[in-house]
Every structure is written in C-alpha cells, then in structure tokens.
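K.L.:
There's a structure below that I have some questions on.
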Amino acid sequence: MEFRWHRKDLLSLYDLSREEIEYILDTAEEFKKVSERNVKKVPALRGKTVVNFFVEPSTRTRISFELAEQRLSADIINVAVDASSLKKGETLLDTVRNIEARQVDLLVMRHRATGAQNFIAQNVRCGVINAGDGAHSHPTQALLDIFTIRQRKGRVAGLNVTIVGDILHSRVARSNIWGLLKLGARVTLAGPATLVPREFEKIGVRVCHNLRDALRAADVVNLLRIQHERQTAGFFPSVNEYARFFGLNQETFQYLRPDALVMHPGPINRDVELDSAVADGPNSVILEQVTNGLAVRMAVLFLVAGCGNK
Amino acid sequence: MNSSNFILKGGRVIDPARGIDRVMDIGVADGIITAPEAVGNPEIIDVSGLVVTPGLIDLHVHLRQPGNTAAETIATGTMAAAAGGFTAIVAMPNTTPAADTPGAIEYLRQTAARQGVVRVLPCGCLTRNRAGKEMAGIGGLHSAGVVALSDDGGCIQDHALMRHVAEYAHSFGLPILDHCEDAFLAANGVMHEGEWSVLLGMNGIASASEELMVARDIILSRLTGARIHVQHVSARESVELIRQARRQGLPVTGEATPHHIALTDECIKTYDTNYKMNPPLRSEADRQALIAGLADGTITVIATDHAPHTATAKLVEFDDAPFGIIGLETALPITLTLLVHSGILSLPDLIAKFTTGPAEVLGLDHCDLAEGHPADITVFDPDCAYEIDPSTFHSKARNTPFGGMKVRGRVRRTIVGGRTVYRYPEQAS
C-alpha cells in the first residue's frame with residue numbers, strides 16, 4: 001500500500017506517526033542523491049513561493065532551508081525580524097496574514113514562543129514548517145539527527161540514544177525524544193536535575209544525572225549546546241563545573257562504546273559540552289548532520305508543498 | 001426594570017444561612033423581603049420548578065474601569081454579573097490607576113451607583129500602587145467604604161511588610177484577599193509546572209510558588225489574628241494547608257474558581273490563550289483535590305476571577321498573552337453541572353459557596369432571605385440544558401474557554417434591592 005502525505009504543516013514530531021516519519025526519511029534519501037550530482041537542482045518547487053520568516057535569529061537553520069529551497073527551484077523571500085513590522089507594533093498574526101496575502105505557498109517560521117507556529121497554522125491557509133519554536137519543537141533538526149543515525153547504524157529501533165545537556169530549554173531534545181520513541185529507540189536524558197526534570201520519565205524515557213551511567217550502553221550520544229545565560233540564572237554553578245561533570249571530555253569518552261556516534265546540533269561550545277578532540281574524532285558525525293539537514297529539509301519542503309501527491 | 005411589590009410563588013427556596021430548603025413563597029415590598037401576606041397589591045410571579053436563593057456574591061471580579069475600558073466597564077461588568085445571578089461583586093483594585101486611595105474608591109462607588117446594575121463592593125490595595133513596598137492608606141480606604149484589601153495579581157513578597165499589613169488591616173476589621181504566589185519561583189512562568197509544561201517546553205509555575213505563600217499567610221494569620229482569604233486556590237498542597245489551618249481554628253478561608261474546578265493543564269496543548277490564567281490550570285490530581293476541598297468544607301467560596309481581555313490582546317503567541325478569563329456568566333451553570341448534577345455537592349451546599357461562604361469572608365450579616373432584609377434574590381432553573389454561547393454574553397469581553405460546553409442550569413431572574421435587573425428570556429427594553 002502506497003503511503004500518501006496529507007499534512008499542510010509540519011509543526012512537531014509529536015503529531016506524526018512512525019509511518020510519516022519514515023516516509024520523510026525515505027524521501028530525504030532520494031533528495032540526498034540530488035546534492036551529490038553535478039547539477040544540484042531539481043524543479044520540484046518551481047512556481048512555488050516560500051517565505052522564510054525568522055522571528056528569532058538563526059544562521060544555520062535559515063541557510064539550510066534557503067539552500068534546500070533553491071535546490072528545489074522555489075521562489076524565496078526572507079523576512080528577518082529586524083526588517084519586519086513586528087517592531088512597529090503589528091501583531092504576529094497580522095504580519096503573517098500580510099505575507100500570506102501575496103499568494104505565498106509555504107511559510108518556514110522560527111519564533112521564540114512555544115506554540116507560535118501552531119497558533120499561526122490554525123489561522124492561515126498556506127503551509128507552515130516549524131523551524132524552531134521556543135523550547136518546544138524543531139522537527140527538521142530531529143529528523144536530520146534521526147536520518148544520520150539511520151544511515152550510519154542501518155536502523156533506529158532498539159538503539160540506545162543518550163541526549164546530554166539542557167533538556168529543559170531544548171526544542172532539539174523534545175523533537176528528538178518524540179521521533180526516537182516513535183521509531184522504537186530507547187532514550188536516555190542526562191544532565192543535572194536543574195536541566196533534566198524527572199517528569200520526562202512519564203513518557204517512557206530514562207532520566208540519568210550521572211553522565212558515566214548514561215554513556216555506558218549508548219549507541220548514540222547527542223550533546224546539546226549549553227547556553228551561558230543558564231549559569232547566571234542559577235541552573236549550574238560555572239561553565240567549568242558543567243564541563244567537568246556533564247561534558248563529553250577525554251575522561252568520560254572512555255565510558256562510550258567504540259562504535260558510538262557522537263552528535264551535536266551546533267553551534268558547539270568547544271571544551272564545554274564537547275571536548276575538541278572528540279568533536280573532531282572518528283566517532284563524530286557532526287558535519288554529516290549538517291549535510292543531511294539539507295536533504296531532510298528538501299524532503300519536508302517537497303512533501304508539505306503538496307508535490308508529493310501529484 | 002421596575003421596583004414593585006411582588007411575590008415569588010411556588011419556588012424551591014434554598015437559604016443556607018437559615019438552613020431552609022423547601023417550597024415556599026417569598027414576598028418583596030419596597031425592596032425589602034416581607035411576609036407574603038403583608039405585601040400590598042403584589043404582582044404574582046410564578047417561579048414553580050425554579051430555585052430561589054439569596055443573591056449570589058462573587059468575591060473576585062475585575063471590572064477594568066478605570067484603565068482598560070476596551071475590555072470591560074463597570075456598566076458591562078455589572079450587567080454580566082446580573083446575567084450570571086450575582087447581586088453583589090467585589091471589585092478588585094488592580095485598575096489603572098490602582099484603587100489605593102479614598103478618591104479611587106469614591107470614583108468606583110459613584111460610577112457604580114450611576115451605571116452599575118448590581119452592588120459593587122470596593123476592595124482597596126494593601127500597598128501603594130500594588131507595588132508591595134509601602135503600606136497603602138488602609139484606614140482611609142476603610143473610611144471610604146472598602147470591604148476588603150488585596151494586591152490581587154501581585155503578592156507582597158516581603159514577609160515583614162505582610163505581617164504589618166495583616167496586623168494593621170486587622171485593627172480595622174478588614175479581611176485580606178491574597179493572591180498567593182512566590183514571585184521568584186513563578187518568574188517567567190506561563191502554565192503549571194508539570195508533565196505538560198515539560199512536554200510543551202513552556203516555562204512552568206511550580207505549585208510550590210502558591211504553597212509557600214499560603215503557608216506564609218497561615219503562619220502570619222496565626223501570629224497576627226488577621227483574617228486571610230486565599231484567592232483562587234489551585235494546588236492540592238494549598239488545599240491541604242488550608243484544611244489544617246481551619247482545623248486549628250485560624251481565620252483562614254479559600255476560594256476555588258470554576259475554571260480550576262473544570263479544567264487542567266492538558267488543555268494548553270491546543271495553545272488556546274483562553275487557557276492561560278494565573279494561577280494556572282493545574283493537574284488532574286489538583287483539580288480533584290479542589291473538588292474534595294469543596295466537598296469537605298475546606299474551600300468555602302466559589303469565586304470567578306472574572307478577568308476580561310480584548311480579543312486582540314488574547315489573539316497572540318501563548319507566551320505573550322495576558323493571564324485570565326471571564327467567568328461571571330458561566331460560573332453558576334458550570335458548577336451546577338460539575339458539582340451538583342454529578343452528585344458531589346448538594347444544591348444547598350453549592351449555593352452556600354456563593355452566599356454564606358463569601359459573606360463570612362467579608363463579615364456581611366444579612367446574606368439570607370429573612371424578612372426585613374434587602375431583597376437581593378437569585379432565581380434559576382437548575383435543570384435547563386444548553387450549550388454555552390459566548391455571543392450572548394453581556395460582558396464586553398469574550399475570553400472564555402467554555403464556549404460550546406454543555407451545561408445544565410440557567411439564571412432566570414436576578415433581583416437587587418427589590419428591582420429585577422436581569423430576566424431570562426430577555427425582553428427588548
């Protein structure tokens with residue numbers, strides 16, 4: 001039975017079934033080949049208009065989406081927060097409706113507030129792709145992480161994936177948790193209790209406050225960027241202490257299996273959450289994640305734009 | 001509508017203050033409850049099949065005037081109260097400017113006298129501009145006619161100041177209505193801290209932020225003898241603290257809102273900002289604890305925390321939306337449906353939460369249907385089934401999550417001082 005994509009929006013992996021996630025990953029496999037060709041462009045989104053609406057600063061995700069859109073031949077408009085009307089007191093919904101009134105097909109949106117994209121998607125006709133909302137959801141990042149795991153390990157089900165760091169404030173972690181659980185992986189969250197609340201256990205993940213224990217059985221370890229402002233807010237005493245107890249350093253690296261993958265969504269704080277030598281070492285797939293991000297975003301844009309059904 | 005002599009005939013009269021629950025007639029002459037046989041030339045109003053109670057009192061209403069009359073006014077807010085069966089409402093002082101001076105109270109009283117539909121009982125601030133720094137002129141506010149004091153929306157964080165305010169208010173016999181919230185623990189929070197805040201990635205407001213201040217207030221009530229009423233109790237731990245305090249005989253009371261009785265934090269997964277309020281909707285265990293507290297008499301008051309906001313203010317990102325929902329026109333049908341028709345509370349027990357409960361907090365002495373008392377009366381149909389339709393509201397605001405909810409119970413007539421100020425079905429005037 002052929003699977004058909006039917007969603008106009010991609011807001012959260014929480015909303016998706018295992019079949020839908022796998023369909024995106026399979027589609028991304030095809031698009032990855034496009035970027036490996038001499039001519040790296042296909043006409044899949046020709047005649048479609050995509051607006052990249054970033055109400056929170058982003059370089060990496062925005063560049064990845066923009067390049068994906070260009071390789072699909074879409075027409076692109078970038079709206080950055082400084083240039084937008086939001087500074088003039090217009091509401092978010094009015095700003096988006098104003099953009100949409102120009103017959104836009106897709107809105108790729110980032111926003112600091114949890115659920116902002118859900119709120120917008122409920123109120124507009126065009127498709128909405130979530131490029132990160134608050135600490136809630138960043139589905140394309142999780143999809144590219146899972147895509148990388150699947151390519152390297154050949155499967156996701158049954159793998160032990162450990163996510164380390166500021167889970168409390170991380171949309172990357174939340175999206176990974178849902179995606180990994182739906183595909184049958186076992187998820188461990190590690191870090192100090194101030195950043196890794198026990199409530200996560202209620203959805204079937206393991207919470208561990210000792211990094212060594214969290215690393216021992218891991219097939220994959222995904223390290224999150226630690227924001228320095230969390231220190232001033234009192235979540236941990238110092239960056240040095242964080243690095244010592246919760247960073248993947250030369251010492252804690254010894255607890256990891258030899259074939260474990262080391263991942264990081266970037267940008268890395270070298271020698272804080274991740275030791276430089278490990279980041280550049282043989283276990284690291286960090287740059288592959290970036291490469292795969294392009295293929296995954298092409299797949300998502302293609303499917304959500306409705307081209308997949310035609 | 002006119003004031004006249006009339007007899008409410010054949011209704012089920014529930015008068016909790018006097019322990020009455022039976023079918024009987026209630027006479028009104030010149031705005032005063034009068035023995036039916038003594039009412040001269042009465043209009044006979046058939047209320048058979050309906051319930052007749054003392055006028056309902058809401059301890060917790062935001063009228064928004066002055067300062068935000070786009071959301072509500074004294075005229076529209078009191079009309080909403082009448083439509084909800086309330087004959088008296090306590091107006092919270094977090095207007096702009098805040099009601100922290102006798103002049104502000106005088107403005108409220110005069111405007112309510114001219115434009116108000118039901119009785120407006122003024123509440124003054126505990127501290128100047130509700131800033132939690134300096135005591136407000138409490139004696140002057142008392143002389144101006146406030147019935148209680150509150151920094152509602154804010155909570156005095158300085159325990160020494162709270163102690164002095166409690167002592168000082170107590171010397172004027174004024175109760176304190178406290179919004180119990182530790183500002184450090186609650187900082188930046190937009191919803192209950194729990195499973196759903198963790199899943200949604202929203203900043204949580206820990207129950208501990210309420211529990212700490214409820215405990216503080218109980219301790220200070222014991223120290224000072226002050227009457228402290230805990231507004232909008234939301235956490236199960238707070239219910240237990242109030243239960244223990246009341247067992248010890250302390251003058252501590254608590255109120256529950258219909259939304260904390262009806263809803264939980266899971267509702268927020270829709271990102272509908274009409275589920276954003278403070279204190280936040282909490283877990284199912286908290287909701288059940290509130291209901292248990294109502295059933296065993298720990299919580300003696302149901303109050304709405306009617307908090308009008310414009311549609312524009314609420315149609316924004318969840319993080320940016322203001323806290324609060326309206327409640328005057330839905331409180332009675334929702335609590336009838338969830339507490340009485342479900343068998344948790346008897347009808348007289350529910351009515352007590354809207355009458356003798358709030359009257360006890362304020363020290364009012366005639367919240368009953370005894371002859372000689374002002375004729376503040378609510379008449380409702382306890383069984384009438386319908387769906388809540390916000391487009392029929394009299395409030396200026398529509399920020400409610402209850403649109404479409406199936407309820408049983410409809411206000412049929414609200415009488416203030418012998419004048420019928422609301423009737424259903426409504427008639428063109």
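K.L.:
Can A:Pro267 be described as surrounded by fewer than 17 Cβ atoms within 10 Å (Cβ to Cβ) and touching a residue at least 60 places away in the same chain (Cβ under 8 Å)?
P.N.:
yes
K.L.:
Can you spot a residue in region A:127-145 that is closer than 29 Å to A:Ile99 by Cβ, more than 16 Å from the chain's Cα centre (by Cα) and either surrounded by fewer than 24 Cβ atoms within 10 Å (Cβ to Cβ) or within 9 Å of another protein chain (Cβ to nearest Cβ) (or both)?
P.N.:
Our first condition is that a residue be closer than 29 Å to A:Ile99 by Cβ; within region A:127-145, this holds for A:127-144.
Restricting the remaining residues to those that are more than 16 Å from the chain's Cα centre (by Cα) gives A:127.
The next check asks that each one be either surrounded by fewer than 24 Cβ atoms within 10 Å (Cβ to Cβ) or within 9 Å of another protein chain (Cβ to nearest Cβ) (or both); those that pass are A:127.
Yes, there is a match, as at least one residue in region A:127-145 is closer than 29 Å to A:Ile99 by Cβ, more than 16 Å from the chain's Cα centre (by Cα) and either surrounded by fewer than 24 Cβ atoms within 10 Å (Cβ to Cβ) or within 9 Å of another protein chain (Cβ to nearest Cβ) (or both).
K.L.:
When residues of region B:289-318 are filtered for being in contact (Cβ under 8 Å) with a residue 60 or more places away in the chain and either surrounded by fewer than 24 Cβ atoms within 10 Å (Cβ to Cβ) or over 16 Å from the mean Cα position of the chain (by Cα) (or both), how many remain?
P.N.:
Residues that pass the stated criteria total 8.
K.L.:
Within region A:253-263, is there a residue that is in a helix (DSSP H, G or I), modelled with pLDDT under 95 and either assigned by TED's automatic domain parsing to the domain that holds A:Ile177 or within 16 Å of A:Gln141 (Cβ to Cβ) (or both)?
P.N.:
No, region A:253-263 contains no residue that is in a helix (DSSP H, G or I), modelled with pLDDT under 95 and either assigned by TED's automatic domain parsing to the domain that holds A:Ile177 or within 16 Å of A:Gln141 (Cβ to Cβ) (or both).
K.L.:
Could you list, in sequence order, the residues of region B:391-412 that are within 21 Å of B:Gly116 (Cβ to Cβ), of a type outside the set (A, V, I, L, M) and surrounded by 23 or more Cβ atoms within 10 Å (Cβ to Cβ)?
P.N.:
Of everything in region B:391-412, just one residue is within 21 Å of B:Gly116 (Cβ to Cβ), of a type outside the set (A, V, I, L, M) and surrounded by 23 or more Cβ atoms within 10 Å (Cβ to Cβ), namely B:Ser395.
K.L.:
Further, regarding this structure: Kindly indicate whether any position in region A:158-173 is assigned by TED's automatic domain parsing to the domain that holds A:Leu223, more than 28 Å from B:Glu195 (Cα to Cα) and small (Gly, Ala, Ser).
P.N.:
No, that holds for no residue.
K.L.:
Looking at B:Arg247, B:Arg236, B:Arg222, can you tell me which residue is farther than 20 Å from B:Asp286 by Cα and either in contact with a helix residue (DSSP H, G or I) (Cβ under 9 Å, 6 or more places away or on another chain) or polar (S, T, N, Q) (or both)?
P.N.:
Being farther than 20 Å from B:Asp286 by Cα and either in contact with a helix residue (DSSP H, G or I) (Cβ under 9 Å, 6 or more places away or on another chain) or polar (S, T, N, Q) (or both) holds for just one of B:Arg247, B:Arg236, B:Arg222, which is B:Arg222.
K.L.:
Considering only region B:271-281, I want to know if a residue exists there that is at pLDDT 95 or above, among the basic types (Lys, Arg), touching a Ser or Thr at 6+ places or on another chain (Cβ under 7 Å) and at negative phi.
P.N.:
no
K.L.:
Can you pull out the residues in region A:156-176 that are buried (at least 18 other Cβ atoms within 10 Å of the Cβ), more than 14 Å from chain B (Cβ to nearest Cβ) and assigned to a loop (DSSP other than H, G, I, E, B)?
P.N.:
Residues satisfying the conditions are A:Val156, A:Leu159, A:Gly165.
K.L.:
Against the condition within 11 Å of chain B (Cβ to nearest Cβ), touching a residue at least 24 places away in the same chain (Cβ under 8 Å) and under 15 Å from A:Leu159 (Cβ atoms), how does A:Ile203 come out, does it pass?
P.N.:
Criteria not met by A:Ile203.
K.L.:
Continuing with this model, one more query. Which numbered condition trips up A:Leu143, out of (1) touching a helix residue (DSSP H, G or I) at 6+ places or on another chain (Cβ under 6 Å); (2) of a type in the set (A, V, I, L, M); (3) within 25 Å of A:Val272 (Cβ to Cβ); (4) not in a loop (DSSP other than H, G, I, E, B)?
P.N.:
In the conditions (1) touching a helix residue (DSSP H, G or I) at 6+ places or on another chain (Cβ under 6 Å); (2) of a type in the set (A, V, I, L, M); (3) within 25 Å of A:Val272 (Cβ to Cβ); (4) not in a loop (DSSP other than H, G, I, E, B), A:Leu143 misses (3) alone.
K.L.:
Another question, then. From the list A:Gly234, A:Gly179, which one is within 24 Å of A:Ala113 (Cβ to Cβ) and outside any helix (DSSP H, G or I)?
P.N.:
Unique residue meeting the criteria: A:Gly234.
K.L.:
Within the bounds of region A:184-194, is there any residue that is more than 23 Å from B:Gly204 (Cα to Cα), surrounded by fewer than 20 Cβ atoms within 10 Å (Cβ to Cβ), out of contact with any Phe, Trp or Tyr (no Cβ under 8 Å at 6 or more places or on another chain) and away from every other protein chain (no Cβ under 14 Å)?
P.N.:
For region A:184-194, residues more than 23 Å from B:Gly204 (Cα to Cα), surrounded by fewer than 20 Cβ atoms within 10 Å (Cβ to Cβ), out of contact with any Phe, Trp or Tyr (no Cβ under 8 Å at 6 or more places or on another chain) and away from every other protein chain (no Cβ under 14 Å): present.
K.L.:
Just for helices (runs of 4 or more DSSP H) wholly inside region B:122-235: which have at least 1 residues that are under 22 Å from the mean Cα position of the chain (by Cα) and closer than 23 Å to B:Tyr107 by Cα?
P.N.:
Qualifying helices (runs of 4 or more DSSP H): B:138-144, B:159-171.
K.L.:
Please note which helices (runs of 4 or more DSSP H) are completely contained in region A:42-121 and include at least 2 residues that are small (Gly, Ala, Ser) and either more than 14 Å from chain B (Cβ to nearest Cβ) or in contact with an Asp or Glu (Cβ under 9 Å, 6 or more places away or on another chain) (or both).
P.N.:
A:60-71, A:116-121
The values are calculated or read from the model by the stated rules, or taken from the named source; none is laboratory data. All values derive from a computational prediction rather than experimental measurement. Glycine gets a Cβ as well: all are built from the backbone with ideal geometry, and neighbour counts include every protein chain shown.
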